[in-house]
Amino acid sequence: MNDAIINSGRWNTNDSWFKYYNSTGALVFSAYIDAVFPGTESYVVQLMHATQYSEIDGSVLMEFREEDKKTVSAGSATTILPLIIAPLDGQIFVEGGTIAFSASASDGMPPYSYTWYEKDNIIGTGNSFDTSFDAGSHTITLIVTDAAGRSVSEQVRIRTGLQGDINHDGIITTTDAAIASWMTIRGEWDWCADVNDDGEVTSLDALMLLQAADGTIES
(Lines give C-alpha, C1' and ligand atoms only; values in the text may rest on other atoms or scores of the structure.)
Protein backbone atom coordinates (compact mmCIF):
# COMPACT_ATOMS: atom_id res chain seq x y z
CA MET A 1 0.00 0.00 0.00
CA ASN A 2 1.18 3.54 -0.64
CA ASP A 3 1.93 5.78 2.31
CA ALA A 4 -1.00 8.03 1.60
CA ILE A 5 -4.73 8.27 2.02
CA ILE A 6 -6.46 5.71 -0.17
CA ASN A 7 -9.58 6.62 -2.09
CA SER A 8 -12.46 5.10 -0.06
CA GLY A 9 -14.46 4.78 -3.26
CA ARG A 10 -12.17 1.91 -4.27
CA TRP A 11 -13.38 -0.35 -1.43
CA ASN A 12 -14.21 -3.16 -3.86
CA THR A 13 -10.77 -3.23 -5.42
CA ASN A 14 -9.04 -6.52 -4.65
CA ASP A 15 -5.63 -5.06 -3.75
CA SER A 16 -7.17 -2.98 -0.96
CA TRP A 17 -8.50 -5.99 0.98
CA PHE A 18 -6.61 -7.63 3.81
CA LYS A 19 -7.48 -11.25 4.60
CA TYR A 20 -6.03 -13.47 7.32
CA TYR A 21 -6.24 -17.27 7.21
CA ASN A 22 -5.34 -19.67 10.03
CA SER A 23 -3.07 -22.71 9.73
CA THR A 24 -5.94 -24.86 8.38
CA GLY A 25 -6.72 -22.39 5.59
CA ALA A 26 -9.92 -21.04 7.17
CA LEU A 27 -10.64 -17.33 6.75
CA VAL A 28 -10.48 -15.71 10.20
CA PHE A 29 -10.46 -11.97 9.46
CA SER A 30 -11.02 -9.69 6.50
CA ALA A 31 -11.11 -5.91 6.15
CA TYR A 32 -10.89 -3.22 3.51
CA ILE A 33 -7.91 -0.87 4.00
CA ASP A 34 -9.63 2.48 3.63
CA ALA A 35 -6.69 4.75 4.43
CA VAL A 36 -3.08 4.72 5.64
CA PHE A 37 -1.83 7.73 7.60
CA PRO A 38 1.98 8.05 7.93
CA GLY A 39 3.30 9.12 11.32
CA THR A 40 6.72 9.94 12.70
CA GLU A 41 7.27 6.45 14.15
CA SER A 42 4.46 4.27 12.81
CA TYR A 43 1.48 4.23 10.50
CA VAL A 44 -2.20 4.41 11.39
CA VAL A 45 -4.41 2.21 9.21
CA GLN A 46 -8.11 2.90 8.86
CA LEU A 47 -10.25 -0.17 8.22
CA MET A 48 -13.83 -0.59 7.07
CA HIS A 49 -15.99 -3.65 6.39
CA ALA A 50 -13.99 -5.48 9.07
CA THR A 51 -15.30 -8.98 9.76
CA GLN A 52 -14.17 -11.67 12.19
CA TYR A 53 -15.12 -15.28 11.46
CA SER A 54 -15.34 -18.33 13.72
CA GLU A 55 -12.40 -20.69 13.29
CA ILE A 56 -14.74 -23.60 14.08
CA ASP A 57 -17.65 -23.22 11.66
CA GLY A 58 -16.89 -20.04 9.67
CA SER A 59 -19.84 -18.11 11.08
CA VAL A 60 -19.57 -14.32 11.46
CA LEU A 61 -18.65 -13.36 15.03
CA MET A 62 -18.30 -9.59 14.55
CA GLU A 63 -18.93 -7.32 11.61
CA PHE A 64 -18.40 -3.59 11.18
CA ARG A 65 -20.09 -1.81 8.30
CA GLU A 66 -18.70 0.89 6.01
CA GLU A 67 -19.75 3.72 8.31
CA ASP A 68 -18.22 2.06 11.40
CA LYS A 69 -14.52 2.54 10.67
CA LYS A 70 -11.73 1.21 12.91
CA THR A 71 -8.13 2.33 13.20
CA VAL A 72 -5.04 0.35 14.16
CA SER A 73 -1.39 1.33 14.42
CA ALA A 74 1.91 -0.46 14.64
CA GLY A 75 2.49 -1.88 18.08
CA SER A 76 -1.17 -1.66 19.03
CA ALA A 77 -1.99 -5.29 18.32
CA THR A 78 -2.32 -7.24 21.54
CA THR A 79 -3.42 -10.85 21.69
CA ILE A 80 -6.12 -11.44 24.29
CA LEU A 81 -6.05 -14.99 25.58
CA PRO A 82 -9.58 -16.14 26.48
CA LEU A 83 -10.12 -19.32 28.47
CA ILE A 84 -13.46 -21.03 29.02
CA ILE A 85 -12.98 -22.76 32.36
CA ALA A 86 -16.38 -24.43 32.51
CA PRO A 87 -18.10 -26.32 31.05
CA LEU A 88 -15.69 -28.61 29.25
CA ASP A 89 -15.98 -29.02 25.51
CA GLY A 90 -18.19 -32.02 24.72
CA GLN A 91 -19.59 -32.28 28.23
CA ILE A 92 -23.10 -33.77 28.63
CA PHE A 93 -25.74 -32.44 31.02
CA VAL A 94 -29.25 -33.33 32.11
CA GLU A 95 -31.93 -31.52 30.14
CA GLY A 96 -33.16 -28.47 32.07
CA GLY A 97 -30.42 -28.77 34.70
CA THR A 98 -28.36 -25.78 35.82
CA ILE A 99 -25.07 -25.42 33.94
CA ALA A 100 -22.35 -23.16 35.32
CA PHE A 101 -20.26 -21.16 32.84
CA SER A 102 -17.02 -19.42 33.75
CA ALA A 103 -14.11 -17.88 31.87
CA SER A 104 -11.00 -15.77 32.27
CA ALA A 105 -8.83 -13.60 30.02
CA SER A 106 -5.25 -12.40 30.00
CA ASP A 107 -2.63 -10.51 27.96
CA GLY A 108 -5.03 -7.74 26.96
CA MET A 109 -5.82 -4.45 28.66
CA PRO A 110 -8.13 -5.05 31.65
CA PRO A 111 -10.88 -4.76 32.62
CA TYR A 112 -12.49 -7.28 30.29
CA SER A 113 -16.11 -7.66 29.31
CA TYR A 114 -17.57 -11.10 28.63
CA THR A 115 -20.58 -11.77 26.41
CA TRP A 116 -21.91 -15.30 25.83
CA TYR A 117 -23.97 -16.23 22.78
CA GLU A 118 -25.87 -19.19 21.44
CA LYS A 119 -26.22 -18.39 17.74
CA ASP A 120 -27.23 -14.70 17.70
CA ASN A 121 -28.81 -14.67 21.16
CA ILE A 122 -27.02 -13.37 24.25
CA ILE A 123 -27.41 -15.98 27.01
CA GLY A 124 -25.14 -14.42 29.62
CA THR A 125 -22.67 -11.68 30.50
CA GLY A 126 -19.75 -11.48 32.89
CA ASN A 127 -17.00 -13.98 33.55
CA SER A 128 -19.47 -16.41 35.16
CA PHE A 129 -23.19 -17.16 35.00
CA ASP A 130 -25.64 -20.08 35.23
CA THR A 131 -28.25 -21.20 32.71
CA SER A 132 -30.09 -24.27 31.41
CA PHE A 133 -30.98 -25.68 28.00
CA ASP A 134 -33.52 -27.91 26.31
CA ALA A 135 -32.38 -31.28 24.99
CA GLY A 136 -29.95 -31.14 22.08
CA SER A 137 -26.49 -29.98 21.07
CA HIS A 138 -25.50 -26.42 21.90
CA THR A 139 -22.54 -24.38 20.63
CA ILE A 140 -21.76 -21.46 22.91
CA THR A 141 -19.57 -18.56 21.77
CA LEU A 142 -17.77 -16.29 24.24
CA ILE A 143 -16.59 -12.88 23.05
CA VAL A 144 -14.08 -11.14 25.31
CA THR A 145 -13.42 -7.42 24.83
CA ASP A 146 -10.69 -5.54 26.65
CA ALA A 147 -10.50 -1.89 27.71
CA ALA A 148 -8.89 -0.95 24.39
CA GLY A 149 -11.84 -2.31 22.44
CA ARG A 150 -10.04 -5.39 21.13
CA SER A 151 -12.15 -8.54 20.95
CA VAL A 152 -11.50 -12.26 20.61
CA SER A 153 -13.78 -15.27 20.69
CA GLU A 154 -13.78 -18.79 22.06
CA GLN A 155 -16.34 -21.60 21.74
CA VAL A 156 -17.49 -24.63 23.68
CA ARG A 157 -19.91 -27.37 22.63
CA ILE A 158 -22.16 -29.15 25.10
CA ARG A 159 -25.05 -31.61 24.91
CA THR A 160 -28.13 -31.90 27.06
CA GLY A 161 -30.53 -34.81 27.18
CA LEU A 162 -32.65 -37.24 29.15
CA GLN A 163 -30.46 -39.63 31.09
CA GLY A 164 -31.53 -43.17 30.23
CA ASP A 165 -32.67 -42.26 26.72
CA ILE A 166 -29.75 -44.02 25.08
CA ASN A 167 -31.17 -44.02 21.54
CA HIS A 168 -32.24 -40.35 21.86
CA ASP A 169 -35.88 -40.83 20.81
CA GLY A 170 -37.20 -38.67 23.63
CA ILE A 171 -38.49 -41.43 25.96
CA ILE A 172 -37.12 -44.32 27.98
CA THR A 173 -38.28 -47.70 26.66
CA THR A 174 -37.25 -51.38 26.79
CA THR A 175 -35.06 -50.62 23.76
CA ASP A 176 -32.87 -48.42 25.95
CA ALA A 177 -32.71 -51.23 28.56
CA ALA A 178 -31.65 -53.69 25.83
CA ILE A 179 -28.93 -51.33 24.61
CA ALA A 180 -27.65 -50.94 28.17
CA SER A 181 -27.51 -54.74 28.50
CA TRP A 182 -25.38 -54.98 25.35
CA MET A 183 -23.12 -52.21 26.64
CA THR A 184 -22.70 -54.17 29.88
CA ILE A 185 -21.54 -57.24 27.96
CA ARG A 186 -19.13 -55.23 25.81
CA GLY A 187 -17.78 -53.13 28.65
CA GLU A 188 -18.87 -49.88 26.99
CA TRP A 189 -19.83 -46.67 28.77
CA ASP A 190 -22.16 -43.81 27.91
CA TRP A 191 -23.48 -41.07 30.16
CA CYS A 192 -27.07 -41.77 29.09
CA ALA A 193 -26.76 -45.46 30.04
CA ASP A 194 -25.02 -44.90 33.39
CA VAL A 195 -28.25 -43.97 35.15
CA ASN A 196 -26.92 -44.54 38.68
CA ASP A 197 -23.81 -42.43 37.96
CA ASP A 198 -21.30 -44.95 39.28
CA GLY A 199 -18.93 -44.55 36.33
CA GLU A 200 -19.81 -47.79 34.55
CA VAL A 201 -22.74 -49.44 32.77
CA THR A 202 -23.86 -52.59 34.58
CA SER A 203 -26.87 -54.89 34.79
CA LEU A 204 -28.20 -52.61 37.54
CA ASP A 205 -28.46 -49.75 35.03
CA ALA A 206 -30.29 -52.05 32.59
CA LEU A 207 -32.69 -53.11 35.35
CA MET A 208 -33.35 -49.49 36.36
CA LEU A 209 -34.08 -48.62 32.73
CA LEU A 210 -36.44 -51.58 32.39
CA GLN A 211 -38.32 -50.42 35.49
CA ALA A 212 -38.44 -46.84 34.19
CA ALA A 213 -39.76 -48.06 30.83
CA ASP A 214 -42.89 -49.48 32.48
CA GLY A 215 -44.29 -45.99 32.73
CA THR A 216 -43.57 -44.99 29.12
CA ILE A 217 -44.81 -48.00 27.09
CA GLU A 218 -48.27 -47.78 25.63
CA SER A 219 -50.49 -50.81 26.34
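If the condition is being more than 20 Å from Gln91 (Cβ to Cβ) and crowded, with 17+ Cβ neighbours inside 10 Å, then region 184-201 contributes only Thr184.
Only a single item in (1) among the small types (Gly, Ala, Ser); (2) surrounded by fewer than 19 Cβ atoms within 10 Å (Cβ to Cβ); (3) free of Cβ contacts under 8 Å to residues at least 60 places away in the same chain is not met by Gly164, and it is number (2). Answer yes if at least one residue in region 94-107 is modelled with pLDDT under 90, within 28 Å of Gln163 (Cα to Cα), out of contact with any strand residue (DSSP E or B) (no Cβ under 6 Å at 6 or more places or on another chain) and not in a strand (DSSP E or B), and no otherwise. Yes, region 94-107 contains at least one residue that is modelled with pLDDT under 90, within 28 Å of Gln163 (Cα to Cα), out of contact with any strand residue (DSSP E or B) (no Cβ under 6 Å at 6 or more places or on another chain) and not in a strand (DSSP E or B).
Which one is nearest to the chain's Cα centre (by Cα) among residues in region 114-143 that are in contact (Cβ under 8 Å) with a residue 60 or more places away in the chain and within 15 Å of Leu83 (Cα to Cα)? Write out each step before concluding.
Applying the first criterion (in contact (Cβ under 8 Å) with a residue 60 or more places away in the chain) to region 114-143 yields 139, 141-143.
Add one more test, that the residue is within 15 Å of Leu83 (Cα to Cα), and what stays is 141-143.
Values: Thr141: 3, Leu142: 6, Ile143: 9 Å.
Ranking the candidates gives Thr141 first.
None of Arg186, Arg150 is basic (Lys, Arg) and over 28 Å from the mean Cα position of the chain (by Cα) except Arg186.
Criterion first (in contact (Cβ under 8 Å) with a residue 12 or more places away in the chain and surrounded by fewer than 16 Cβ atoms within 10 Å (Cβ to Cβ)) does Asp107 satisfy it? When the stated conditions are applied, Asp107 passes them.
Thr125 meets the conditions (1) more than 17 Å from Thr160 (Cα to Cα); (2) at pLDDT 90 or above; (3) touching an Asp or Glu at 6+ places or on another chain (Cβ under 9 Å) in every case but one. The failed one is (3). Close contacts from region 69-94, counting a first residue that is of a type in the set (S, T, N, Q) and a second that is part of a strand (DSSP E or B) and at pLDDT 80 or above, with Cβ to Cβ under 9 Å and a gap of 6+ residues or different chains, come to Thr79/Val152; Gln91/Ile99; Gln91/Val156; Gln91/Arg157; Gln91/Ile158; Gln91/Arg159. Only residues that are in contact (Cβ under 8 Å) with a residue 60 or more places away in the chain and among the aliphatic types (A, V, I, L, M) were counted across region 167-194, and they come to 0.
Criterion first (under 30 Å from Gly199 (Cα atoms) and either surrounded by 16 or more Cβ atoms within 10 Å (Cβ to Cβ) or of a type outside the set (Lys, Arg) (or both)) does Asp134 satisfy it? Lay out the reasoning, then the answer.
On the way: under 30 Å from Gly199 (Cα atoms): yes; either surrounded by 16 or more Cβ atoms within 10 Å (Cβ to Cβ) or of a type outside the set (Lys, Arg) (or both): yes.
Considered against the rule, which asks whether it is under 30 Å from Gly199 (Cα atoms) and either surrounded by 16 or more Cβ atoms within 10 Å (Cβ to Cβ) or of a type outside the set (Lys, Arg) (or both), Asp134 comes out as yes.
The values are calculated or read from the model by the stated rules, or taken from the named source; none is laboratory data. Keep in mind the model is a prediction, meaning the values are calculated, not measured. Quick reminder, even Gly has a Cβ in these numbers, built from the backbone with ideal geometry, and neighbours come from all protein chains shown.
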